[in-house]
1. Leaving out ligands, DNA and RNA, what percent of the accessible area of the chain is carbon and sulfur, probe 1.4 Å?
2. Cβ under 13 Å from Asn186's Cβ, Asn186 left aside: what net charge do those residues give with Lys, Arg +1 and Asp, Glu -1?
3. Distance in nm between label sites at Thr287 and Gln375, each 7 Å beyond Cα in the beta-carbon direction?
4. As a test question: what accessible area, to the nearest 10 Å², does Ser31 have when a 1.4 Å probe is rolled over all protein chains in place?
5. In whole Hz, with x marking every Gly and Pro, tabulate ³J(HN,Hα) for the range 431-441 from phi via Karplus 6.51 cos²θ - 1.76 cosθ + 1.60, θ = phi - 60°.
6. Strictly greater than 42 Å: what percent of every Cα pair in the chain meets that?
7. Cα to Cα, under 20 Å, and not fewer than 8 places away if on the same chain: which lysines meet these conditions relative to Lys438?
8. Lys346: which lysines have alpha carbons under 24 Å from its alpha carbon, excluding same-chain residues fewer than 8 sequence positions away?
Amino acid sequence: MTALAYIEDNKQRFLEELFELLRIPSVSADSKFKSDVQRAAEYLKGKFEEAGVDSVEIKPTDGHPIVYAEKILSEELPTVLVYGHYDVQPADPYDLWDTPPFEPTVRDERIYARGSSDDKGQMYMHIKAFEALTSTSELPCNVKFMIEGEEEVGSEHLAQFVKSNKELLKADVILISDTGIINNDNPSITVGLRGLTYVEVEVTGPNRDLHSGMYGGAVANPINVLCEMITSLKDESGHITIPGFYDRVAELTQAERSEMAKAPFDLGQYRDELEIDEEFGEKGYTTLERTGIRPTLDVNGIWGGYTGEGAKTVLPSKAYAKISMRLVPNQVSSEITDLFTEHFNKIAPKSVKVEVRPHHGGEPAVIPTDSLAYQAAKDAFIEAWDKEPIPMREGGSIPIVALFQEELGLDSMLLGFGLDEDAIHSPNESYGLFNYYKGIETITLFYKHFAAKHKQQ
Ligand code: BES
Ligand code: MN
Ligand code: MN
């Protein structure tokens, strides 16, 4: 039997096993779920054993564990290192889910559950592609798997693991399914990811909450001040005003921009999907450029004062915000954090004190399209989807990709199959059954083409 026939024969079980994994609420950000995160790692260990690896280990870290597995056939063959994550974003707010986030259900040919697309569904495709290849004796490469439990919180301990296990992780290419495609009629390969700087700011006014009648108008309100400060971080053309912010931003040539513009994109449909009358972004750039090649600054959350039921007249002592900046080549996360901190302190009026606390960050990455792996991925798409994939830069971040380049000298092949409608990180996240099965098939074909090209080389 061929690997592709094996996939066809085992479709139902492949789905049931993913459901088991989706039932485990492995939320890495919330310590309440720590034992569930561990349980997800153990579940995967069992599945790797069943799939036919030589060895699998749960590697503890100071945070959540890494699942490492491998099957080494021969020194002569190329080695593929598969990376993915089994942790998920918090499912809050739960009441906006039509069905509970950790009780996977299929509706309209889609799997609804937290992590169905990001990244359990996409990561699990790799274990099943591997199983199909080994079970049919078609595996043409050595394979190593490194599946982490902290991607959604910055991959801090994975970075340490990579730095201290370079020999173990030796490979010819890294293969990742944790990104998207344009749509099912226009498959694409992600060739760029943005970096990230994430900070939390605290603005303090008076030393205690005050009566807003007795003091209002005479003492600075830190929430008002914070809002003014945030507003001033962008001008009316959507340009970020932090001095030096754009200094290292790589400008694309007109030719590169025209190439990008070839990707199919329907602004009307984009607006309809989001129910917005108009998009917003930096003047002089298209929507795809705004997410693909331009940096941003966004408030992710803002709070302070009284937000409970009814009205309480209070002039609060403190206000807070979480602010993220998406970065593009050749911006450096730590530098942008410093520029932000310096600027934010500088624009604070004397009436308040501010503190900036940095969170995790990561560097942007660009993937070359002239590699063997890219050609193999292209051929796999042509065979499985009957279409040539379009190279695309995406706005999301996978910080470990730049670190893999830096520490292992390896580029990642971003072979993702998510769609915008998957609504990752949102309530009612879902993943198409078509994409799940087509993804397993495409990955299987990638191995075949990659090994063949390697041989020819
Ligand atoms: N899989 C996403 C990244 C992604 C999404 C890439 C869509 C391309 C398209 C990943 O799990 C993620 O959410 N990353 C975080 C960064 C992390 C440091 C918290 C992100 O982009 O916000
Ligand atoms: Mn992900
Ligand atoms: Mn994510």
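The values are calculated or read from the model by the stated rules, or taken from the named source; none is laboratory data. Computed from a predicted model, the values in this text were never measured in an experiment. Cβ coordinates were reconstructed from backbone atoms using ideal geometry, including for glycine residues, and neighbour counts include every protein chain displayed. For the accessible areas, the whole protein counts, side chains as well, though only heavy atoms, and no ligand, DNA or RNA atoms are used. Shrake-Rupley method; radii C 1.70, N 1.55, O 1.52, S 1.80 Å.
1. 48
2. Net charge around Asn186: -3.
3. Going by the 7 Å Cα→Cβ label model, 3.6 nm.
4. The accessible area comes out at roughly 100 Å².
5. Computed from phi, the couplings for the range 431-441 are 9, x, 4, 4, 5, 4, 6, 5, x, 4, 5 Hz.
6. 19
7. Within the straight-line limit of under 20 Å, Lys438 reaches these lysines: Lys11, Lys120, Lys128, Lys378, Lys387, Lys448.
8. Reachable lysines: Lys234, Lys318, Lys322.
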